[in-house]
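Worksheet for the structure shown next.
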Amino acid sequence: MGYVSFVRMKRQGETMKITNSIALVTGANRGIGRALVEELLNRGVGKVYAASRGPEGPAQERVEQLRLDVTDPASVAAAARVAADVNLLINNAGVLDWGDILETPLEALKRNLDVNLYGKLHMSRAFAPVIQQNGGGAITNILTLLSLASMPGASVYNASKAAAWSMSMSLRATLSERGVAVHNVFPGAVDTDMLGGVEMPKTGPAEVARAVVAGIEADHEDILPDPMSSSVYEQWRQNHKAVEKQFAAM
């Protein structure tokens, strides 16, 4: 058995340790992204790159603000050069456009795909080699319950997140022997600007962030970070058609 094979096997048996890790969070200037930065700091991360298109967040110890557009490959490549010490990538940046699938402009579908799917793919392609070179770690993709069952009023968002889920499973298979774990997160309704004005029970972003970081460290491939996600996922696992009909009526 060669040295590389031994290291690969060792990495496969390890789980991600948050303490002293170097993380990068996209969409870090608000909502779940900002809460993730705070939770990582609380859990003893060595440094967090807080990446966003702007505006930048407040100056904090162990936080490095990073201007990043996940839809621009050149911007992503530049980020990978700056953040060359990262071993935990959290792909959180996202957009949501509302509308029926037959009426929503194609520009909205393209915008959702560009950020929610291709943005995660650009980041994963750029940072998987970085994480591997740094001894292994994890990539975490923030998805949504609507990856599992579509709500008609968020049709293009549903489609982009479902595609991101499929992409993420392919990513997991590709990276399974390279010391890079891949986690998928399926939040339900979270109390952020994205769902502003939508009247329904919502979980606070800090609670979601705590569950996400705990799930990464526990090496849960699929993370259900709130009561809604846990309940709906269990229903979906037992009868996905019933959940599809339930969501279709929303």
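Before moving on, here are some points about what is shown:
- Listed pairs LYS110/LYS202; LYS17/LYS120; LYS110/LYS241; LYS161/LYS245 exceeding 25 Å between Cα atoms: LYS110/LYS202; LYS110/LYS241
- Ordering of 179-187, 165-173 by burial proxy (mean other Cβ atoms within 10 Å per residue, highest first): 179-187, 165-173
- Whole-number Å³ per residue for the convex hull built on Cα positions in the chain: 126 Å³
- Cα-based helix-to-principal-axis angle, 73-82 vs the chain, degrees rounded to 10: 40 degrees
- Each DSSP beta bridge with both residues in the chain is either parallel or antiparallel, and the antiparallel ones are about 0%.
- Protection proxy ranking of 63-69, 101-107, 29-35, by the mean of other Cβ atoms within 10 Å over each peptide's residues and highest first, is 29-35, 63-69, 101-107.
- Short-range pairs are left out: with C-alpha atoms under 8 Å and at least six residues apart, the relative contact order of the chain is 20 percent.
- Between the amide H of ASP97 and those of TYR157, distances stay under 5 Å, these residues lying 5 or more places away or on another chain, with hydrogens modeled in the peptide plane.
- Each Lys or Arg adds one and each Asp or Glu takes one away; over the other residues whose Cβ falls under 10 Å from the Cβ of VAL182, this sums to 0.
Only the coordinates and a few stated rules stand behind these numbers; no lab work does. All figures in this text were calculated on a predicted structure; none of them were measured in a lab. Cβ coordinates were reconstructed from backbone atoms using ideal geometry, including for glycine residues, and neighbour counts include every protein chain displayed.
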